[in-house]
1. Please work out if Glu67 is modelled with pLDDT of 95 or more, within 9 Å of the ligand (Cβ to nearest atom) and either aromatic (Phe, Trp, Tyr) or not assigned by TED's automatic domain parsing to the domain that holds Val31 (or both).
2. In segment 1-48, how many are of a type in the set (S, T, N, Q) and touching a residue at least 40 places away in the same chain (Cβ under 8 Å)?
3. Within segment 106-124, track down each residue that is more than 13 Å from Lys137 (Cβ to Cβ) and hydroxyl-bearing (Ser, Thr, Tyr).
4. Tally up the residues in segment 70-87 that are within 13 Å of the ligand (Cβ to nearest atom) and of a type in the set (Ser, Thr, Tyr), please.
5. Step by step: first the residues of segment 78-111, then only those that are touching a Cys at 6+ places or on another chain (Cβ under 9 Å) and under 18 Å from Phe146 (Cβ atoms), then the one that is surrounded by the fewest Cβ atoms within 10 Å (Cβ to Cβ). Which residue is that?
6. Among the residues of segment 17-47, what is the count of those that are assigned to a helix (DSSP H, G or I) and within 12 Å of the ligand (Cβ to nearest atom)?
7. Does segment 81-88 contain any residue that is under 22 Å from Ile65 (Cβ atoms) and of a type in the set (Val, Ile, Thr)?
8. Residues being closer than 18 Å to Trp99 by Cα and either in contact with a strand residue (DSSP E or B) (Cβ under 7 Å, 6 or more places away or on another chain) or not in a helix (DSSP H, G or I) (or both): count how many of those fall in segment 158-186.
Amino acid sequence: MKLYEMAKAPNPRRVRMFLAEKGLLDHVKRVEIDLKEGENLTPEFVAKNPMKTVPVLELNDGTCISESMAICRYMEQQFPNTQNLLGKTSRESALIEQWLRWLEFQFFLPTGMAFQHLTGYFEDRMTTNEAWGNDCKLKVERFYDFLDEQLQGETWICVNRFTVADITAFCTIQFARVIDVRILPEHKNLQAWYKRMESRDSAKV
Ligand SMILES: N[C@@H](CCC(=O)N[C@@H](CS)C(=O)NCC(=O)O)C(=O)O
């Protein structure tokens, strides 16, 4: 299998961490796609993913799966004897899914929008709007407060164990440095959780 990704980009990072936790990183051959140079816009890449984004997992039969969570689900089902990260019961799966949607829509997406509209990274292919970027940044800052509250008395984001929700929150927090948002000293619960995350081997990939 091939994993088209960009090492520095946050969505591919989520998938790499997921694979590392499961001990499956060596099951994929990583292919670097330079987004800044527009390598995701070539006809060859668009044929693999018409959404023009990374990551993309290409199976040995040529099937291409894009969307980080679709890739994670595929790998979890293909390798059921690895560490479960998506839920062992319907209750767990539902709560993890709820958190994933909160994290992706209310946290990751505004971080990405703030990045695009405040840094001008894709200025050659989009019109930026600074006011919108700042609104998104504010939303990201509020989400840190929310996460800190939710982590009161908890070790992990949900279901009392490490899951893909922790991976998604961690990768978003690291990504948010590019818009200069960081965990504040008063976010004691979030600080403690972040230390736990940082100490995992998968945090290094
Ligand atoms: N929902 C998608 C988002 C993928 C995504 O936006 N990837 C970014 C890199 S983190 C990308 O390829 N951006 C290129 C672009 O927007 O042109 C996923 O979860 O995989």
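1. In short, no.
2. Residues that pass the stated criteria total 1.
3. Tyr121
4. Here the count works out to 1.
5. Gln98
6. 6
7. yes
8. Final tally of qualifying residues: 6.
The values are calculated or read from the model by the stated rules, or taken from the named source; none is laboratory data. For clarity, every value in this text was computed on a predicted model and none was experimentally measured. All Cβ positions, even for glycine, are placed from backbone atoms using ideal geometry, and neighbour counts span all protein chains on display.
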